[in-house]
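Data first, discussion second: the structure below is written as structure tokens.
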Amino acid sequence: MKDKAVKSAAANDPADLNRRKFVRGVGTGALALGGSNVLLASTTAGKKPELSSRFPDCDVDVVVVGGGFAGVTAARDCRENGFSTLILEARNRLGGRTFTTEFEGHTIELGGAWIHWSQPFIWAEKERYGLEIIETPGFAPDKMLIRIDGEVRELDEADIYSVMEGFRTYTAAARTIFERPYDARHNWDSVLQADKISAREHLDSLDLSPLQKTAMDSFLAGNAHNTSDTLSYYDSLRWTSLAGYNDLLLWMDAVGRFKFRHGTAALIDKMIADGEPEVRLQTPVSKVQNLGDRVRVTTQGGDTITAAAAVIALPMNVLGDLAFEPALASGLIEAAQERHTGLGIKLYIRVKGDIGKVFMMADSSNRLNNIFTYHQAPDHSVLVAFGADPAAIDMYDEQAVQDALREFLPGIEVQSTFGYDWVLDPYSKGTYASYRPGWMERYYAEFQRDHGRLFFAQGDHGDGWRGFIDGAIAAGAKAADRIANSLG
């Protein structure tokens, strides 16, 4: 069974660069592990009696548009607050830009994956449901490699200390700008100053060695999932501040070391089973009408659902694809059209032999900026790699990927590759959200605002761990709380 989103994405790709492999792989993988448990939970929810509403002229108390972590959290919490709740999800699975599946016998995450105790909302959910975590080998590496000016070197102890010092130099102002990382308004003047320039401009202004500058640019490419010039200097400090301000090792632990043993789908399943909202999959929405004391949602299939409140839990980049009546604030649509920085690639690579716990990096102009060991086996390793520019490498071309890897490890043998193109997916149009220069001044106020009975719950907006699963869960929980206060 092929994912509807994937079929649409593949059909819209003019280059058709080996995309049939992508469609085949994800078409089976969508139900192999990442979708099967969620579909079972959704089916169970669908067997409950038809929903009703306590509010006049409404089919349901709350309708949630979008079944990612923000939408699922909002739905669960609205149910726990006593409201009948319906999730409308365009795909044939829940999870949004998280996507648990299998590759070469290993559980992988095609989208969001990593969690940490410095991420309060998702760690609370992990504790609530007793979910087990495991480590990503390459984020506690035995070997670190860096590519500088076409040459690769393995970092020795002195090099690692030098990289750590470069990280501290780059993030020196983080504690001042992010005195309260969950409240950008607290130090707004400093925020606006840091928002005016790009991460690359700030990096170029510093007196750093080539080693320090290349390593820092690699980290920034990972932050932006794009080249470092697309990311604002302000937003480049957000991840580091949340993880402990200017400690490289704490930052690495927070953004890439720990993951759920049974995947992010395990948490989605727990949340759905807990809240028991009604779930309708493969139900994309075309129109949302704010009628004052209620909201009417129209699906692409022509069905209408009227609710006392609606949660809009869609990725930022697709907001402009829905018709809103009355129209949304112009800033929301402008940001959606400009798109956040997350437009890069993430791919998994099976290579011959156990290559150990390796972390490799290059600056954001390189085809692959961050590569590290994801799984180890006696006869093979699975690597995960990030690239800033999808046009620089076809992640479904095994020879091209092998050539890129051999820039770091000559002689390495690629056996297979696998990935998901979130930019081509019409229900995401991008990966995780970081902000471009000037966005805080231009759009921040619009991103924080509900519109009558429309409540926004988007992991792409807000402070804290925006762009992470934690940020999505936070957005969903806060939206459910605002609905409870509004509807009573």
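The values are calculated or read from the model by the stated rules, or taken from the named source; none is laboratory data. Not measured: the values here are computed from a predicted model. Counting neighbours? That spans all protein chains shown, and the Cβs are built from the backbone with ideal geometry, glycine included. For the accessible areas, the whole protein counts, side chains as well, though only heavy atoms, and no ligand, DNA or RNA atoms are used. Shrake-Rupley method; radii C 1.70, N 1.55, O 1.52, S 1.80 Å.
Overview of results
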read-out: Nonlocal amide H pairs with Gln415, under 5 Å, H built at 1.01 Å; value: Arg350, Val351, Lys352
read-out: Quotient of Cα Rg and 2.2 N^0.38 Å for the stretch 145-193, N being how many residues it contains; value: 1.69
read-out: Global size of the stretch 257-297 as Cα Rg and Dmax, reported in angstrom; value: 16.0, 46
read-out: Long-range HN-HN contacts of Tyr420 with modeled amide H, under 5 Å; value: Lys346
read-out: Vicinal HN-Hα couplings computed from phi for the stretch 278-295 (Karplus, 6.51 cos²θ - 1.76 cosθ + 1.60; Hz; Gly/Pro x); value: 6, 10, 10, 8, 6, 10, x, 9, 10, 9, 10, 10, 8, 9, x, 9, 7, 10
read-out: Near-label residues of the stretch 102-126 by backbone N, under 15 Å of a point 7 Å along Cα→Cβ of Ala140; value: 115-117
read-out: Restraint check, Lys259/Lys357; Lys213/Lys357; Lys429/Lys478; Lys143/Lys357, Cα-Cα greater than 18 Å; value: Lys213/Lys357; Lys429/Lys478
read-out: Under 5 Å, built H, 5+ apart or other chain: amide partners of Leu231; value: Ala199, Arg200
read-out: Computed E for Arg261/Asp57 - FRET, C-beta separation, R0 60 angstrom, nearest 0.05; value: 0.80
read-out: Surface share of carbon and sulfur [accessible, 1.4 angstrom probe, percent] for the chain; value: 47 percent
read-out: Computed FRET value (nearest 0.05) for Ala158 with Asp403, which takes r as the C-beta separation and R₀ as 25 Å; value: 0.20
read-out: Theoretical gain in end-to-end length, Arg185 to Asp354 [0.36 nm per residue, Cα-Cα removed]; value: 56.0 nm
read-out: Rule-of-thumb Rg ratio for the stretch 131-266 [Cα; 2.2 N^0.38 Å; N residues]; value: 1.11
read-out: Karplus-derived HN-Hα couplings along the stretch 394-401 (A = 6.51, B = -1.76, C = 1.60, θ = phi - 60°), whole Hz, x at Gly and Pro; value: 8, 6, 9, 9, 4, 5, 5, 5
read-out: Extension gain, Thr176 back to Ala124 (0.36 nm per residue minus Cα-Cα distance, nm); value: 15.9 nm
read-out: Label-point gap, in nm, between Thr304 and Gln415 - each point 7 angstrom along Cα→Cβ; value: 5.7 nm
read-out: Diffusion coefficient, µm² s⁻¹, Stokes-Einstein with Kirkwood Rh over alpha-carbon pairs of the chain at 37 °C and 0.692 mPa s; value: 144 µm²/s
read-out: Whole-Å semi-axes of the ellipsoid equivalent to the stretch 167-243 (Cα gyration tensor, √5λ, descending); value: 20, 12, 11
read-out: Rg [Å, one decimal], Dmax [Å, integer] - the stretch 119-161, C-alpha atoms; value: 17.3, 48
read-out: Rg/Rg_ref, the stretch 234-374, where Rg_ref = 2.2 N^0.38 Å and atoms are Cα; value: 1.45
read-out: The chain: calculated mean residue ellipticity at 222 nm from DSSP helix runs of at least 4, using -39500 (n - 2.57); value: -11000 deg cm²/dmol
read-out: In order through the stretch 326-337: 3J(HN,Hα) via Karplus (6.51 cos²θ - 1.76 cosθ + 1.60), integer Hz, x for Gly, Pro; value: x, 4, 5, 4, 4, x, 5, 6, 4, 4, 4, 6
read-out: Protection proxy ranking of 281-289, 182-190 - average other beta-carbon atoms within 10 Å, highest first; value: 281-289, 182-190
read-out: When the convex hull of its Cα atoms is projected in every direction, mean area for the stretch 332-488 (nm²); value: 11.5 nm²
read-out: Spacing of the two label points (7 Å from each Cα toward its C-beta) at Ile148 and Ile133, in nm; value: 3.3 nm
read-out: Thr169/Asp379 FRET efficiency (R0 30 Å; Cβ-Cβ; nearest 0.05); value: 0.10
read-out: Peptides 388-397, 152-161 ordered by average Cβ neighbours within 10 Å, highest first; value: 388-397, 152-161
